[in-house]
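Rule-based calculations on the coordinates, nothing more; no lab input. Quantities reported herein were computed from a predicted structural model and do not represent experimental measurements. Every residue, glycine as well, gets a Cβ built from its backbone with ideal geometry; the counts of neighbours run over all protein chains shown.
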């Protein structure tokens, strides 16, 4: 966004820290226009069985050796079959073959087209083919109803939205790497990446490490880990101690878990707890990187960044969704949706700049921690 370049020149943005968050925005599409990948694959499989049966019957009747429904359809259409309809009319065998072949070919094309549109997704909407069905955060009926939508990701630096993107994947975990790659393409260099537990994964941690980012991702177990019950549970994976050199895993009371085998990725190790007889899945690399991120967010600077995340990026979504009323999109298609979203981002940035100007807060990039 050019407005961000202007803010950088004014020294209103410092790119040391970026706060990333996502939300689901409902698409401008009929909520009952769904196409599910699992159902489509099932229907296509059944259809292909029927097609094979039709091909077998056709070849026996016409003494042919055709192996494609489309070849059969072409052959039958060339026969110029006389068609009859209505009560008391008896359809010829040729007409029955033709009608069945036409129906099968049409359905096969439809299911093939659906699968091409779906790609790696599990669903799409017929009225906005680039929208995916997902659970919205605003579930007023509390029935977990899926609606067509997009996963909107934004990156906030110094209280301004510097980047945004939309994704088909409802999970935030798989959006972090492509989102940071987009930020790189905008020539925005950041050091600290602050995000909530929804972004925690080994691949994300490794990406941040390789690309020299400092991770301030809150571990999934973080809130629970602060409870007394959690801390006292010796069998919690997070409470186990691993000896990397000897590949041995211990509980804090000294009980050693029995090594079983390595997982396919060679990073995951399986042990057996002799007390509970349960299998324990342990990924040392993930635990190590997760602990590093946990230590980062528990530092004084980390606490300040976590507080600023709730103010800056969650605050941005609150303004866009509540004040600007971005609850449901008004256009269809990914490119059109992006154009709509960028208008909200620009408007938010203008409002933020004017607000900071009026409050004499120009140049403020971090809100201080409140002292007790």
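When both the range 234-260 and the range 22-37 are represented by their alpha-carbon centers, they are found 45 Å apart. Averaging the sequence gap over all C-alpha pairs within less than 8 Å and six or more residues apart, then dividing by the number of residues, gives the chain a relative contact order of 21 percent.
Taking the C-alpha atoms only, the angle from helix 37-62 to the longest principal axis of the chain is near 20 degrees. Taking other C-beta atoms within 10 angstrom as a stand-in for reagent exposure, 33, 358 fall in the order 358, 33, fewest first.
Relative contact order of the range 34-125: 47 percent, from C-alpha pairs under 8 Å at least 6 residues apart in sequence. Take the Cα of residue 92, go 7 Å toward its beta carbon, and the backbone nitrogen atoms of the range 49-85 under 15 Å from that spot belong to 62, 75-85. From the alpha carbon centroid of the range 95-173 to that of the range 329-356 is 22 Å. The sum of -39500 (n - 2.57) across all DSSP H runs of n ≥ 4, divided by the residue count of the chain, sets its helix-only mean residue ellipticity at 222 nm to -13500 deg cm²/dmol. Computed over the range 78-176, relative contact order equals 15 percent, with contacts defined as Cα pairs under 8 Å that lie 6+ residues apart.
Among 124, 70, rank each residue by its count of other Cβ atoms within 10 Å, from fewest to most, as a rough exposure measure.
70, 124
Taking Cα atoms only, the orientation of helix 93-118 departs from the longest principal axis of the chain by about 10 degrees. By the count of neighbouring beta-carbon atoms within 10 Å, fewest first, 248, 46, 306, 352 end up ordered 46, 248, 306, 352.
Once you have a ≥ b ≥ c as the square roots of the Cα gyration tensor eigenvalues for the range 288-372, tell me rounded if a/c is under 1.5, and otherwise prolate or oblate according to whether a/b is larger than b/c.
Working: a/c = 2.92, a/b = 1.48, b/c = 1.98.
Oblate, since a/c reaches 1.5 and b/c is not below a/b.
Normalised by 2.2 N^0.38 Å, where N is the number of residues, the alpha-carbon radius of gyration of the chain equals 1.37.
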